Each structure stands twice: as structure tokens, then as C-alpha cells.
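Working notes, beginning with the structure itself.
The values are calculated or read from the model by the stated rules, or taken from the named source; none is laboratory data. This one's a predicted model, so the numbers in the text were calculated from it and none came from an experiment. Because the Cβ atoms are built from the backbone with ideal geometry, glycine has one as well, and the counts that use them run over all protein chains shown.
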Amino acid sequence: MASLYHFPKSLSQNRHICARSGNPSHSSHAIVSRNFASQGNEFPCFRIGVAGNSNQTEALSDSAPVFDVPLLSCSEAIERLRSSRENYKGKQKFLAMYSSVFGGITTDPAAMVIPIDDHMVHRGHGVFDTTAIMDGYLYELDQHLDRFLRSASMAKIDPPFERETIRRILIQTVSSSKCRKGSLRYWLSSGPGDFQLSPSGCSDSALYAIVIQDQYSPDQKGIKVVTSSIPIKPPMFAMMKSVNYLPNVLSKMEAEEKGSFASIWLDNDGFVAEGPNMNVAFVTREKELLMPHFNKILSGCTAKRVVTLAEELVRDGKLRGISMRNVTIEEGKNADEMMLIGSGILVRPVLQWDEQIIGNGEEGAIAQALFNLLVEDMKLGPLSVRVPVPY
Ligand SMILES: Cc1ncc(COP(=O)(O)O)c(C=O)c1O
């Protein structure tokens, strides 16, 4: 079998070594060749093969299948990271990153990496949260920070710093990025150390943060959702924002495969739960704003703020009340309005759930009013929800 581990001792002196694969169709052969081809051949490379001793490598004929894997210096690897980023399909720009591992902030995207032995990478032992940056303010930073630390505690991650220090680092990272519109995403991890299951070999927990520029304005156009066939996470895991988002990713992919925007989870008792990265709310025929409570799902910062802002609609007589309780699928599908709520989408009306048209099939007045209230709150709300960034 092909092995990339048995490098002859002289490898560091000899930068071109050729050897053959026992099975030319072996997948590792294909992968290495493809990666190499896509990166160009501007660096010295090894032509690495398979079995046998190092003498055999000299004897290989030109027709033998070969691996061409370059051995890179640190600066060459960084240079490749930089150029591979330029080829990314995504349009998002990463403006600054903080890492407690290197103990500072960088604005060079090539350096925005985390160690592979970090247990968040290879064991999923990490939690995260996101805060929107709007016109130079961090929206609901403290609310997200509270949830972040709650998630860390549930995941038994002891943060490397006190809350105030984390807060200061996050604000300073945004300040260094000069970003005025986008999002700040941050992680707490059990940290680098080894590849064991237990984090006991990790010397320190780690904090990472990244600033993502985003000029996008949330869409208010109504969307379609489907019921997720991917199992929902058990409450203990759904209530913390850990990095284990595989069910969420599969659920989103399922929706996209069905031409929908999101899949909606039902909980194990069949009640409406949440979407893969958003909460769900309804306006009943009696004009009540209805939301599943947060005892089995993620406590959404945006949904909680929407509940507070919706009180204005109750005062104006547009809503008769607000309620958080179990919601059956029938109640949800027969509602006047349905909407998704989250910091990424704000408030997005749902016009169809599976085959069921919601209400009259058009964007509803309450979803629109809540969206407007939320945008106004992000731009002009009190300082309890808007933390100014000192640029
Ligand atoms: C599973 C899940 N539910 C709900 C939400 C909405 O939370 P928030 O409003 O704090 O963004 C998110 C956000 O990412 C989420 O991942």
C-alpha cells in the first residue's frame, strides 16, 4: 500500500525522489496528484512512491505512476496558503483574526489558521458564537457573550481569560479590522496539545476570533421550508452552540436539494423546534406571536430581542399577545404567518412549509414590522444592545 510516511533519511537533501505506487488507481495517489497539479509546480518537489527500500526508488522507470509532493519551508507553505486563498470561490473577506495561540491579532489571511492538534479540529471540542457588526457597533455583544460562556461551561471548557478580557479582545479585533459592517465570530476550544480523546493533554484552552466583512443586506422575500428528515440534536447538545454542526449542515443541504431555504426540526415529541441556524415563530389566527420555548433548542439572541421588540406591536394593537410554548406542527402550518429569526437572516417570512401554503401565501405584515423594528434596533437601539467599536 502506498505510504507517505516512509521517507528515506536522505530525503531532506534529495529534493526529487521517485517511487511507484502498487496500485495506480489508489485514491491517495489521485488526491496527491490533483492537489499538486492545481497548485502548479513552482516549488521543489518529492516524487514519492510506495513500497520497497530507498534503493528501489532510484530504479523506477519514467512510466511508473508517481506522487509529486513538494516539501515546503514555512515561508513557502505560507505563500501557498496565501495564493490558495486567492482562488477561493467564496466572496467573503476575512479582515482580522485573533488567536490566543499566537497571542495577538493578524490582518494577513494567510496566517488565519488554527493548529491541527487543537481538539476543536479533530474532536469537535469547541463552542462558538457570532455577533453582527453594524455601522461600527457590535449588536448584542453581551447577550452573545453570555451564551458563548454558557456553551463553554456546558462543554466543560475553562476559558483562557476572564469574561472582561475576552470582551476586550473581541472589540479590539474588530477595531484592528476597521470593519464597520459584517460579523465577528469567535470560538473557545479545549486547545492544542495532542490527538487523544481526552483534553487532559491540552496545555491551555484557546480563544479564536475572526472578523468577516459582509456588505449583504438581509432579504425580506418570502421563502419555502421543509420538515427535516435529519434527526434533531438531543436537548443537551442543541442548547449549547458547539462546533458540532454536522446535523445542521445536512439539514440545510437537504433543504437546498428540495429547492427550499431551510429544513425545520421537530423535537422528539413532535413539536416544532428550530431551523439549522435560526429560530422559528408564528402569528396565529388570533394574532398571537407564538414561539417554541428554548428548553430543548438554542436560545436565540435575535428571537429573544424580537420578543422584546414585539411588545410595541402589542401596545399598538397589531398583536394580541406573545407566547412561548410547545407548538404543534398543525398549529404551525395553519398559522397566519410563519417566520425564521436569527442573527444571519434577521426576520424572514416563510410562505410555504412542505406542501402547505402559510396564510395567504404572501409576506405577512407582522414579519415585515418585526424586521423593521429589528433593523432600527440594530442602527439606533440602546447601548445595552449596541457596543461602539473604538476605531
Ligand atoms: C441552531 C440554531 N438555532 C437558532 C439560532 C439563532 O440564534 P441567534 O439569533 O442568536 O443567531 C442559531 C444561530 O446560529 C442556531 O445555530
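Numerical summary
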| read-out | value |
| --- | --- |
| Residue in the stretch 154-176 that is assigned by TED's automatic domain parsing to the domain that holds Ser203, buried (at least 24 other Cβ atoms within 10 Å of the Cβ) and either of a type in the set (Gly, Ala, Ser) or within 13 Å of the ligand (Cβ to nearest atom) (or both) present | no |
| From Leu309, Leu289, Leu319, residue being touching a Ser or Thr at 6+ places or on another chain (Cβ under 9 Å) and of a type in the set (A, V, I, L, M, F, W, C) | Leu289 |
| Candidate set from the stretch 320-368 (those that are farther than 29 Å from Lys241 by Cβ and aliphatic (A, V, I, L, M)); member that is nearest to the ligand (Cβ to nearest atom) | Ala365 |
| The stretch 319-358, subset buried (at least 17 other Cβ atoms within 10 Å of the Cβ) and part of a loop (DSSP other than H, G, I, E, B), residue farthest from the chain's Cα centre (by Cα) | Leu319 |
| The stretch 297-318, residues that are among the polar types (S, T, N, Q) and not in a loop (DSSP other than H, G, I, E, B) | Thr302, Thr308 |
| Evaluation of Asp219 against (1) closer than 30 Å to Val389 by Cα; (2) touching a Ser or Thr at 6+ places or on another chain (Cβ under 8 Å) (one fails), failing number | (2) |
| Cross-chain or 6+ apart pairs with Cβ under 6 Å, the stretch 268-286 first and more than 17 Å from Ala335 (Cα to Cα), then at pLDDT 95 or above and of a type in the set (Phe, Trp, Tyr) | none |
| Test: residue in the stretch 132-144 that is within 16 Å of the ligand (Cβ to nearest atom), free of Cβ contacts under 8 Å to residues at least 40 places away in the same chain and not hydrophobic (A, V, I, L, M, F, W, C) | no |
| Every residue from the stretch 235-260 that is without any contact (Cβ under 8 Å) to a residue 24 or more places away in the chain, more than 11 Å from the ligand (Cβ to nearest atom) and either within 19 Å of the chain's Cα centre (by Cα) or under 24 Å from Val127 (Cβ atoms) (or both) | Leu246, Leu250, Met253, Glu256 |
| Condition check for Gly381: closer than 13 Å to Phe282 by Cα and of a type in the set (Gly, Ala, Ser) | no |
| Which numbered condition Gly90 fails, given (1) in a strand (DSSP E or B); (2) among the small types (Gly, Ala, Ser); (3) loosely packed, with under 15 Cβ neighbours inside 10 Å | (1) |
| Cβ pairs under 6 Å, 6+ apart, first in the stretch 74-101 and at pLDDT 95 or above, second of a type in the set (Gly, Ala, Ser) | Leu95/Ser177; Ala96/Ser176; Ala96/Ser177; Tyr98/Ala209; Ser100/Ala206; Val101/Ala206 |
| The stretch 306-318 - residue that is crowded, with 17+ Cβ neighbours inside 10 Å and farther than 13 Å from Ala281 by Cα and, of those, farthest from the ligand (Cβ to nearest atom) | Leu313 |
| Some residue of the stretch 123-131 being surrounded by fewer than 21 Cβ atoms within 10 Å (Cβ to Cβ) and touching a strand residue (DSSP E or B) at 6+ places or on another chain (Cβ under 6 Å) | yes |
| Selection from the stretch 261-277 of residues that are farther than 15 Å from Lys233 by Cβ, under 19 Å from the mean Cα position of the chain (by Cα) and within 14 Å of the ligand (Cβ to nearest atom) | Ala262 |
| Answer residue from the stretch 359-390, given it is within 25 Å of the chain's Cα centre (by Cα) and among the hydrophobic types (A, V, I, L, M, F, W, C) and is nearest to Val225 (Cα to Cα) among those | Phe371 |
| Residue among Met240, Met253 that alone is in a loop (DSSP other than H, G, I, E, B) and assigned by TED's automatic domain parsing to the domain that holds Asp354 | Met240 |
| Scan of the stretch 284-305 for residues that are away from the ligand (no atom under 15 Å from the Cβ) and aliphatic (A, V, I, L, M), ordered by number | Leu289, Leu290 |
